[in-house]
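**Student:** Please read through the structure below; I'll follow up with questions.
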Amino acid sequence: MWLVADPFEFRYEWSSTMLVIIDMQRDFIEPGGFGQSLGNDVSRLSSILPACQRVLSAWRERGGRIVHTREAHRPDLSDCPDAKRNRGQPALRIGDDGPMGRILISGQPGCEIVPALMPQADEWVIDKPGKGMFYNTGLHERLQAAGVKSLVFMGVTTEVCVQTSMREANDRGYECLLLEDCTESYFPEFKQATLDMIRAQGALVGWTCSSQLLLQSWDNP
Ligand code: C5J
């Protein structure tokens, strides 16, 4: 299959492609979570939910494979370095009690994926202690065993966990496509810069396109 993308046509085989949804967690997207504790306007992030839902349900209907990631730490914080926990001056630090339970701790309500994109039983859910989805997760081995070669990305935030995961994936040999209207940042200029960086110099990190172009591509030979 192929689709019109930036900086040029993106080719992929449906059978070796997986949809990756990065960190669409309540802690980043809903008021009262980690994102807001850092002083961000979280409504920017929730604005992509309808487009993400459209792609997710179309992907499911077509029988595609899906992996959801969560930025999540163990309750004893043994996988959260002090350098990460103590950085900056957030109102709430990772592991602190917030309105949705302990911030970014596995099993806490705020750490869950938002209801609109709730994973189904046959979909993978990867808890990652870092920004990138390959650090300390075993995901590369699982993708290799499943014969995956191409990854279609959605999620938040564009310049942090999405970009880091795409760069890690690119280094491991995956073809990566980011859906422009299914990713968002607390900072619009960072989103734009990330899209530009990804597709610069002949798709240095990967490709970008709108979700509409992806869905239309399913009619291409
Ligand atoms: C951040 C993320 N921004 N999922 N995490 O800290 O991008």
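The values are calculated or read from the model by the stated rules, or taken from the named source; none is laboratory data. Bear in mind the structure is a predicted one, so any value in this text is a computation, not a measurement. No Cβ is skipped: glycine too gets one built from the backbone with ideal geometry, and neighbour counts run over all protein chains shown. Just the protein is used for accessible areas: all its heavy atoms, side chains included, with ligands, DNA and RNA removed. Shrake-Rupley method; radii C 1.70, N 1.55, O 1.52, S 1.80 Å.
**Student:** When the residues of the stretch 167-192 are filtered to those that are assigned to a helix (DSSP H, G or I) and out of contact with any helix residue (DSSP H, G or I) (no Cβ under 7 Å at 6 or more places or on another chain), which remaining residue is most open to solvent (accessible area, probe 1.4 Å)?
**Tutor:** Asp171
**Student:** Is there a residue in the stretch 133-141 that is under 23 Å from Ser210 (Cα atoms) and within 15 Å of the ligand (Cβ to nearest atom)?
**Tutor:** Among the residues of the stretch 133-141, at least one is under 23 Å from Ser210 (Cα atoms) and within 15 Å of the ligand (Cβ to nearest atom), which makes the answer yes.
**Student:** Output the residues belonging to the stretch 46-57 that are surrounded by fewer than 21 Cβ atoms within 10 Å (Cβ to Cβ) and over 24 Å from Leu139 (Cα atoms).
**Tutor:** Listed by number, the residues that qualify are Ser46, Ser47, Leu49, Pro50, Ala51, Arg54.
**Student:** Residues to consider are Gly35, Gly95; find the one that is assigned to a loop (DSSP other than H, G, I, E, B) and not basic (Lys, Arg).
**Tutor:** The conditions single out Gly95.
**Student:** Within the group Leu178, Leu214, Leu195, which residue is of a type outside the set (Asp, Glu) and under 18 Å from Leu117 (Cα atoms)?
**Tutor:** After ruling out the rest, the residue left standing is Leu178.
**Student:** With the condition kept exactly as written, say whether any residue in the stretch 148-163 is away from the ligand (no atom under 16 Å from the Cβ), more than 15 Å from the chain's Cα centre (by Cα) and not in a strand (DSSP E or B).
**Tutor:** Yes, because at least one residue in the stretch 148-163 is away from the ligand (no atom under 16 Å from the Cβ), more than 15 Å from the chain's Cα centre (by Cα) and not in a strand (DSSP E or B).
**Student:** Every residue in the stretch 1-57 that is of a type in the set (Asp, Glu) and under 21 Å from Ile198 (Cβ atoms), please.
**Tutor:** Asp6, Glu9, Asp23
**Student:** Among the listed residues Asp23, Asp27, Asp96, identify the single one that is open to solvent by 10 Å² or more (accessible area, probe 1.4 Å) and under 22 Å from Asp127 (Cβ atoms).
**Tutor:** Within the list Asp23, Asp27, Asp96, the selection yields Asp96.
**Student:** For Gly88, state whether it is part of a loop (DSSP other than H, G, I, E, B) and touching an Asp or Glu at 6+ places or on another chain (Cβ under 8 Å).
**Tutor:** no
**Student:** A further question on this structure: Across the stretch 65-79, what is the number of residues that are within 15 Å of Thr137 (Cβ to Cβ) and either open to solvent by 10 Å² or more (accessible area, probe 1.4 Å) or not in a loop (DSSP other than H, G, I, E, B) (or both)?
**Tutor:** Total meeting the criteria: 8.
**Student:** Next up: If we keep just the residues of the stretch 64-108 that are of a type in the set (S, T, N, Q) and modelled with pLDDT of 95 or more, which is nearest to Leu19 (Cα to Cα)?
**Tutor:** Thr69
**Student:** Asp196 passes all but one of (1) of a type in the set (D, E, K, R); (2) in a helix (DSSP H, G or I); (3) within 14 Å of the ligand (Cβ to nearest atom); which number fails?
**Tutor:** The failed condition is (3).
**Student:** Test Met166 against the criterion of being of a type in the set (A, V, I, L, M, F, W, C) and farther than 15 Å from Leu45 by Cα, and give yes or no.
**Tutor:** yes
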